[in-house]
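Okay, structure first, notes after.
The values are calculated or read from the model by the stated rules, or taken from the named source; none is laboratory data. These figures come from a predicted structure and were not determined experimentally. Reconstructed Cβ throughout: ideal geometry from the backbone, glycine too, with neighbour counts over all protein chains shown.
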Amino acid sequence: MRRNKILSSWVIVMLMIFLSSATMQASEKYACIAENFDSIPQSRSGIQQQASSDIQPDRYEPNNNTDQAYPYAMTKKLTGWEFNRGYVNSNCHVEGDEDFFRMTLTKGVTYDVILKNLYRHDRHIYIWMRNVDGSWTRWKYKYQEAGQPEHYKFIPDKTGEYYIQIAGGGVTFWFAVEKEGTVNTALWPSELE
């Protein structure tokens with residue numbers, strides 16, 4: 001009888017360790033980190049703004065800084081294909097183009113921050129907030145890798161206006177900053193099969 005209790009206790013402890021490890025790994029997968037800045041850094045080392053091809057500016061231009069940030073609530077969301085349904089379609093029409101969108105986020109609500117359709121382009125998605133003292137805080141995906149889609153969870157610690165920044169090379173991309181569970185989070189089409 002005592003041996004069964006010890007074995008049962010051991011199994012319960014091992015199960016708790018396994019479950020806490022799985023939970024930590026799952027939450028780490030979507031981790032973001034915060035960085036503080038006196039101001040928003042300028043576009044990558046003064047890259048010249050030259051046409052990358054015959055790409056026309058997207059409907060949200062000019063939106064190259066926070067002063068010109070396009071209201072996210074007024075963007076047109078894609079419909080149809082499940083993989084990009086609910087996402088915003090945008091592009092970098094010139095080398096060095098950055099896109100900013102502004103939106104109100106609610107304290108304590110979990111948001112999915114997703115950027116996809118990169119295909120080897122070094123592009124990333126950031127969330128910015130202006131602090132009371134005029135400095136800025138930026139959140140980004142903890143494991144950024146050139147050419148790879150990004151998905152992280154963001155939970156604001158205060159309600160207010162935030163800015164989404166898409167920066168890096170390449171052409172067309174899809175992105176979303178939506179309440180958790182309201183848009184599919186698949187990073188590759190094969191994840192939906």
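Restricting attention to the range 110-120, does a residue exist that is over 14 Å from the mean Cα position of the chain (by Cα), at positive phi and crowded, with 16+ Cβ neighbours inside 10 Å?
No; the residues of the range 110-120 include none that is over 14 Å from the mean Cα position of the chain (by Cα), at positive phi and crowded, with 16+ Cβ neighbours inside 10 Å.
How many residues, within the range 176-191, are assigned to a loop (DSSP other than H, G, I, E, B), polar (S, T, N, Q) and over 18 Å from Ile164 (Cβ atoms)?
1
May I ask you to verify whether Ile40 is β-branched (Val, Ile, Thr), modelled with pLDDT under 95 and farther than 14 Å from Ile166 by Cα?
No: the conditions fail for Ile40.
Does His93 qualify as being at negative phi, buried (at least 17 other Cβ atoms within 10 Å of the Cβ), in contact with a Gly (Cβ under 8 Å, 6 or more places away or on another chain) and modelled with pLDDT under 95? First the steps, then the outcome.
Details: at negative phi: yes; buried (at least 17 other Cβ atoms within 10 Å of the Cβ): yes; in contact with a Gly (Cβ under 8 Å, 6 or more places away or on another chain): no; modelled with pLDDT under 95: yes.
The answer is no for His93.
Looking at Glu82, Glu145, which is the one that is free of Cβ contacts under 8 Å to residues at least 24 places away in the same chain, assigned to a loop (DSSP other than H, G, I, E, B) and among the charged types (D, E, K, R)?
Glu145
Residue check: is Lys107 out of contact with any Ser or Thr (no Cβ under 7 Å at 6 or more places or on another chain), over 14 Å from Leu187 (Cβ atoms), outside any strand (DSSP E or B) and of a type in the set (Lys, Arg)?
Against the criterion (out of contact with any Ser or Thr (no Cβ under 7 Å at 6 or more places or on another chain), over 14 Å from Leu187 (Cβ atoms), outside any strand (DSSP E or B) and of a type in the set (Lys, Arg)), Lys107 does not qualify.
Yes or no, residue by residue, for (1) of a type in the set (A, V, I, L, M); (2) farther than 17 Å from Tyr70 by Cα:
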residue: Ile125; (1), (2): yes, no
residue: Ser135; (1), (2): no, yes
residue: Arg138; (1), (2): no, yes
residue: Tyr143; (1), (2): no, yes
residue: Gly147; (1), (2): no, yes
residue: Gln165; (1), (2): no, no
residue: Phe175; (1), (2): no, no
residue: Asn184; (1), (2): no, yes
residue: Leu187; (1), (2): yes, yes
